[in-house]
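Chemist: Structure provided below as structure tokens; questions to follow.
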Amino acid sequence: MAFHSESEASPTKTAALWTLMCFQVIGGIIAVPWVPLGWFLSGFLFDAPKAAESPLTWVALILAVGWPWMFFAARVKAWKLYRDDRPWMGVLLMSVTLAPAAFVCAAFAVTFANEGISVEERWARIKKAEAKTVFADPLQRRLADSISRGDVAAMEAALREGADPNTRGKHGLTMLLWAVAKRCLPAFETLLANGADIEADLGESFYNTWGNPPKTVVEQIVIDDDPAFLRAAIAHGLGPDHTPDRERQETLLQLAVEAGATKSIQLLIDEGADLTHRSKYGGPPMSDAFAGNRYDIVLLLLNRGANAQLKDRWGMSIADGIRVTGLPRLTPDQTLDYARVVEELRKRGLLSDDDAKDAFTPKQPVP
């Protein structure tokens, strides 16, 4: 029988010691913020539609509460095993204990990668989606399929058979949004004529997206800058001064200005949109365009009758803004439009010749 001396066994035990220490340091770093982090991870998973029905989500929630205690108990036991000359058993225990944390973090990373995307990417996915992946009910799927094909006759047949124009598919996606995504204006108009609610919220259609997702179909058609859908909505009773976000009190025109949707802006002005409305957190549409460096839209609004002397909620007109801040950092295209705005204000007597020259000198913004 071979005999192993203490010196021969020492390197093995030393390796186990360092491995055990590394595992415990890593686990300690994770365990300290784990409870708030774990709640966040499980909350993020719960944001996904029907997440409460997923065992993975509940496992994440249990681990959020229990894992740190599991880790500290295993840590004590691992050192006891080391002292009892069973160091690799301690290492195995620590690796098994760290596995759940790695599992939850991996699940979060996968969910984040799949769902934490931009609004534009989510909208692109909706446009490419097939009816069978969104609508479970066969009759509703028939209605959605007919919309995708642009077959109004088949749509009307499905509606006569009881298909609901206000039905919701996966993630709460409405049939009206489906019609917009498939660029089918006749289908959009048919749904409106059959009672589809254009002000219905979009549910979780844009869940887990970065940015400011639209909350209603109206917002999406304004942002898309396709006046045909917006014109159809107005023809079916949507007011040009409708405020989709009642908290911010932004009108459709202000939403279009923020999105840079020039075609929507022109249509809304043609329909009599209020050029003087102030939102809760901003100013009239022209001030909003000026604040966003959209000088092309400032010119458009000026040419369509907007009052250049209107002040924002801080009591400043766009001429005041030019006097105070001077030339901001702009792209070449923005610089050209900025020069046109300055010249237009000079012509109207709102900027002096000296102000107009000084407008191209950067100044320290007012705090």
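Readers should treat all values here as calculations from the given coordinates under stated rules, not as data from a laboratory. Computed from a prediction, not measured in an experiment: that's the story for all the values here. No Cβ is skipped: glycine too gets one built from the backbone with ideal geometry, and neighbour counts run over all protein chains shown.
Chemist: Report the label-to-label distance for residue 76 and residue 339 in nanometres (one decimal), using points 7 Å from each Cα along the Cα→Cβ vector.
Modeler: Placing both labels 7 Å along Cα→Cβ, they lie 7.6 nm apart.
Chemist: What number, in percent, do you get for the relative contact order of the range 117-210 if the mean sequence gap of Cα pairs under 8 Å and at least 6 apart is divided by its residue count? Don't skip to the answer; put the middle values down first.
Modeler: Numbers: 112 pairs, mean separation 31.3, N = 94.
Computed over the range 117-210, the figure is 33 percent.
Chemist: Still on this structure, please answer the following. Grab the other residues whose beta carbon is less than 13 angstrom from that of residue 258, score K and R as +1, D and E as -1, and report the net.
Modeler: -3
Chemist: Right, something else. Evaluate the distance, in nm, between pseudo-label points positioned 7 Å from the Cα of residue 347 and of residue 327 along their respective Cα→Cβ axes.
Modeler: 2.2 nm
Chemist: What are the ³J(HN,Hα) couplings of the range 167-173, residue after residue, when phi is run through the Karplus curve with 6.51, -1.76, 1.60 and θ = phi - 60°? Round to Hz, x for glycine and proline.
Modeler: Running phi through 6.51 cos²θ - 1.76 cosθ + 1.60 with θ = phi - 60° gives 5, 10, x, 4, 6, x, 5 Hz.
Chemist: Taking 7 Å along the Cα-to-C-beta vector as the label spot, tell me the residue 307-residue 281 distance in nanometres, rounded to one decimal.
Modeler: With each label point 7 Å from Cα toward Cβ, the separation is 2.6 nm.
Chemist: For the range 292-357, which chymotrypsin sites (Phe, Trp or Tyr not before Pro) are in a loop by DSSP, counting at most 14 other Cβ atoms within 10 Å?
Modeler: Filter output for the range 292-357: 314.
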